[in-house]
Amino acid sequence: MSVLSFDRVSKVFRSSLIGRHLYTLGPVSFEVEQGEIFGYLGPNGAGKTTTVKLALGLLRASSGSITCFGRQSTSPEIRSRIGFLPEHPYFYQHLSAIELLEFYGSVCGIKKKPLRRRAEKLLHATGLTEFRHTTLSTFSKGMLQRMGLAQALINDPDIIMLDEPLSGLDPVGRREIRDLILQQKSRGKTVFFSSHILQDVERICDRVGILSQGKILQVATIAEVRLGTTRCVEIQVDGLDMGKAAALGLGEVTKRGEKIVISLTPDADVNRAVGVLLASGAKISAVIPQRQTLEDYFMSQVQSPVGEPEDEKSRIQRVLQTTG
Ligand SMILES: Nc1ncnc2c1ncn2[C@@H]1O[C@H](COP(=O)(O)OP(=O)(O)O)[C@@H](O)[C@H]1O
Ligand SMILES: [Mg+2]
């Protein structure tokens, strides 16, 4: 079942001063399914935050339709089922961690006693229990991000919209946030997660949508992206020197530590290559197919979109035609 659906949605920003179109998003179409972590990948300025704001009803689309749980995301019943972590969360610095959560919970209409229980539970889940009475002005970037996630979860939402939740965090902070996102998934929740950090998306997302210059280039499962192509097959050998290995003409030869690595093209006959190597006295220590990573995939999609590249002016004209 689809939880969030964008159907040919576009957004045109116009400058009221000079009357020019500044930026256009879309039209974009995608569906986020129940219980999945959907990664929304794109370089800076691609339109990720604009998409999130459209989904939340903070911006109005110029055309197309957006539904959340089959209804308009702006309706109060639907809003109460959505959690949101903005790209640059700003919290009132003089509140303590528990005060902040109790404030947001009361805005969501949660009663005092269950709210206290929920706030304590979230502080525990985000590792902030010992800082419950500490003012936020002393929090590090990572602690504030965890605070932001706790805030986004205060109403126990069914879908969580996270705008660049891992940016600016150190590896430990990134891991903590990733684990919290995975915990939500294990509870059957749906997560929409925008990022330009490819490795983190690759680790936790079920599917990715790749956005570049306001257009979705592709929506694919991580497995599809990984299995899409084998970049090369590496054969690691001992007992052969670089010159001899190169003379066999099997593929590119490099040295990695003590090992010689021969990289075969994806369509090469691996059995034949192994036979040739064994016959020349080499000892095979590993045969490793090197899969395309999400990063390779992302770069190939962003650098060479299908068809002729479109300039900004014709893109704006095309979007305006569809928006009427
Ligand atoms: N309110 C606005 N008015 C005009 N242009 C905007 C507005 N908000 C965003 N933009 C432009 O839209 C483009 C996409 O922005 P954004 O959605 O923030 O990208 P991302 O989050 O992927 O970095 C940028 O070129 C940005 O300058
Ligand atoms: Mg952004």
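Scoring 286-294, 215-223, 109-117 by mean Cβ neighbours within 10 Å over their residues and listing the highest first yields 215-223, 286-294, 109-117.
Per residue, the Cα convex hull of segment 230-291 amounts to 70 Å³. Among 299, 1, sorting on how many other beta-carbon atoms sit within 10 Å of each Cβ, with the fewest leading, yields 1, 299. Shown for 196, 124: other C-beta atoms within 10 Å of each C-beta, ranked fewest to most, produce the order 124, 196. A simple packing score, the average count of other Cβ atoms within 10 Å per residue, orders the peptides 269-276, 44-51 as 44-51, 269-276, with the highest score first.
A full extension of the chain between residue 284 and residue 244 corresponds to an added length of 12.9 nm, given 0.36 nm per residue minus the alpha carbon distance. Across segment 118-133, computed HN-Hα scalar couplings (Karplus, 6.51 cos²θ - 1.76 cosθ + 1.60, θ = phi - 60°) run 5, 4, 4, 4, 5, 5, 5, 4, 9, x, 10, 3, 6, 10, 4, 9 Hz from first to last residue, x flagging Gly and Pro.
Helices in the chain, meaning DSSP H runs of at least 4 residues, each add -39500 (n - 2.57). Divided by all residues, the mean residue ellipticity at 222 nm is -10500 deg cm²/dmol. When peptides 3-14, 140-151 are sorted by average Cβ neighbour count within 10 Å, with the highest value leading, the order is 140-151, 3-14. What does the C-alpha gyration tensor say about the overall shape of the chain? Classify as rounded when a/c is under 1.5, otherwise prolate if a/b is larger than b/c, or oblate. Oblate, because a/c is 1.5 or more while a/b does not exceed b/c. Rounded to the nearest 20, the size of the Cβ-charge dipole of segment 230-291 about its Cα centre is 100 debye, with Lys and Arg at +1 and Asp and Glu at -1. Put a dot 7 Å past the Cα of residue 1, heading toward its Cβ, do the same for residue 175, and the two dots end up 3.6 nm apart.
As a proxy for reagent exposure, 160, 284 were ordered by neighbouring Cβ count within 10 angstrom, fewest first; the result is 284, 160.
Since every read-out is calculated from the coordinates, none of them should be taken as a lab result. Here the structure is a predicted model, which means the values were calculated and not measured. Neighbour counts are summed over all protein chains in view; Cβ atoms, including those assigned to glycine, are modelled from backbone coordinates with ideal geometry.
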